[in-house]
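Have a look at the structure below before the remarks.
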Amino acid sequence: MLTPQTEAELAAIVAKAEASFRVLGGGTRPIGAASNATGLTTRALSGVELYEPGALTLVVKAGTPLAEVEALLASEGQRLPFEPMDHRGVLGTTGEPTIGAVFAANVSGPRRIQAGAARDYLLGVRFVDGQGQVLRNGGRVMKNVTGYDLVKLMAGSFGTLGVLTEVALKVLPDTATTATLTLPDLEDAMAVKALSRALGSPFEVTGAAYRPSGPEGRPLTLLRLEGSEKSVAYRAAELTKVLEPFGNLQVMHDTASSAEIWRDIRDVAPFHNVDGDVWRLSVTPSDAPGVVAQIPGAKALYDWGGGLIWLLVPEGTPPEKVRAPLAATGGHATLIRGANTGVAFQPLDPTVEALQRGLRHKFDPRGVFNPGLMGHTA
């Protein structure tokens, strides 16, 4: 494992490379095709470069542990709005997630439906490309949109275009009060309708999930409200009226208990230490129940109002069994945990694949970064 201590050392290693690298942050998210390439981790590139709480701006080295970033923000009453997932539970991995890897995989949690994805808060990046050049793109404030598209491009590229060394991001104030609203015993189609009704209301829902088998084994539809105590109480009362046709809405006002509930949703806790393959499906919410019904032996956890499905299927389930029901919906599926890592990512439309190949050739012409990770080479 190569662990460069500085950006300059990283650039020199890449420039002199005669073989490929498996790019890692903390090593907690081994998704995609396995590789025998030499490991190259950014975890030694750690530390805060700039933090301006008043400007809601943070500049930090890519290898900084996510926990350190979150603790720093919490000390100033702020947070990462996109609520990044911790994959260690569902993948059975160890180590420490890093902030650079969060953006490299565009990791976004339940709050995405209201706050947006990780990439929406990325203001600027520094990275080393496949020829060992250090590139900087974007700015430290939202109004600076120089190279804006490239900043977004790096988010979700899984280290196939370059190795992030520094990220500049926007943060937001934390909220004082969180409440969780629950509707028990709904079937999934009706639950998705209830979630859609709530999300279509003006009451700023920040979490919308469905557990077909909740903590007591009963189906549970979940909604989250955040804000001031007065605002949350008012919105909860109004949502009770909006959702009256779906049953008796129960409101939990305990902020700590709500945090635990949504952490379990974020980290897909029902699938921890349970045998089977885990898939992540992105679909139109109204299509979600029908898709799940067509996959043999599937157990589901719905997030994002039904737009995100976490699926547990019997170990070794062929990928085509999971992807076939998506063909008519335009959705896509990623294998998060399972043996068929070579087909983890959704096969691309030929036009999109050609564009992606062109981008990889431009930024990594020698193909040194994560070759074959997403099902193709440079």
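Between Gly124, Gly297, Gly307, the residue with the greatest mean-square fluctuation in the GNM of the chain (Cα pairs under 10 Å linked by springs) is Gly297. For segment 177-266, how big is the tail of P(r) above 20 Å, as a whole percent of Cα pairs? Here the tail beyond 20 Å accounts for 25 percent of pairs.
Given a 10 angstrom Cα cut-off, can you work out which residue in Thr175, Thr206, Thr28 is the most mobile in a GNM of the chain? The residue with the greatest mean-square fluctuation here is Thr175. Averaging the Cα positions of each part gives two centres, and for segment 326-360 and segment 71-141 these lie 22 Å apart. Only beta bridges with both residues in the chain are counted; by DSSP, about 90 percent of them are antiparallel. By DSSP, the beta bridges lying fully in segment 10-125 are antiparallel in about 55 percent of cases. Between Glu226, Glu216, Glu49, the GNM of the chain built on Cα springs shorter than 10 angstrom shows Glu216 fluctuating the most. For the pair Thr341 and Lys362, the difference between a 0.36 nm per residue extended length and the Cα-Cα distance amounts to 5.0 nm.
Of Leu301, Leu45, Leu2, the sequence from fewest to most neighbouring Cβ atoms within 10 angstrom is Leu2, Leu301, Leu45. Taking only the C-alpha atoms of segment 266-370, Rg followed by Dmax gives 15.3, 44 Å. Under a Cβ-Cβ cut-off of 13 Å, what is the net charge of the residues other than Lys321 that fall near it, where Lys and Arg count +1 and Asp and Glu count -1? Cβ neighbours under 13 Å give a net charge of -2.
Among the listed values [x] 21.0, 65; [y] 20.4, 62; [z] 22.5, 72, the one computed from these coordinates for Rg and Dmax of the Cα atoms in Å is [x]. With runs of 4+ DSSP H residues as the only contributors, calculate the mean residue ellipticity of the chain at 222 nm using -39,500 (n - 2.57) per run, divided by the residue total and rounded to the nearest 500. Calculated mean residue ellipticity at 222 nm is -7500 deg cm²/dmol.
Each of Asp364, Asp254 was scored by other Cβ atoms within 10 Å of its Cβ. Arranged with the fewest first, they read Asp254, Asp364.
Among the GluC sites (Glu not before Pro) within segment 233-317, which fall in a DSSP loop and have no more than 12 other Cβ atoms within 10 Å of their own Cβ? Loop-located and lightly packed - Glu315. Each of Arg22, Arg88 was scored by other Cβ atoms within 10 Å of its Cβ. Arranged with the fewest first, they read Arg88, Arg22.
Note: relative contact order over the chain, using C-alpha pairs below 8 Å and six or more positions apart, is 19 percent. Measuring against 23 Å, Cα to Cα, the residue pairs Lys16/Lys362; Lys152/Lys193; Lys170/Lys230; Lys61/Lys152; Lys193/Lys241 contain Lys152/Lys193; Lys170/Lys230 as the ones spanning a longer distance.
Bear in mind these aren't lab numbers, they're just calculated from the coordinates by the rules spelled out. Remember, predicted model here, so these are calculated numbers, not experimental data. Because the Cβ atoms are built from the backbone with ideal geometry, glycine has one as well, and the counts that use them run over all protein chains shown.
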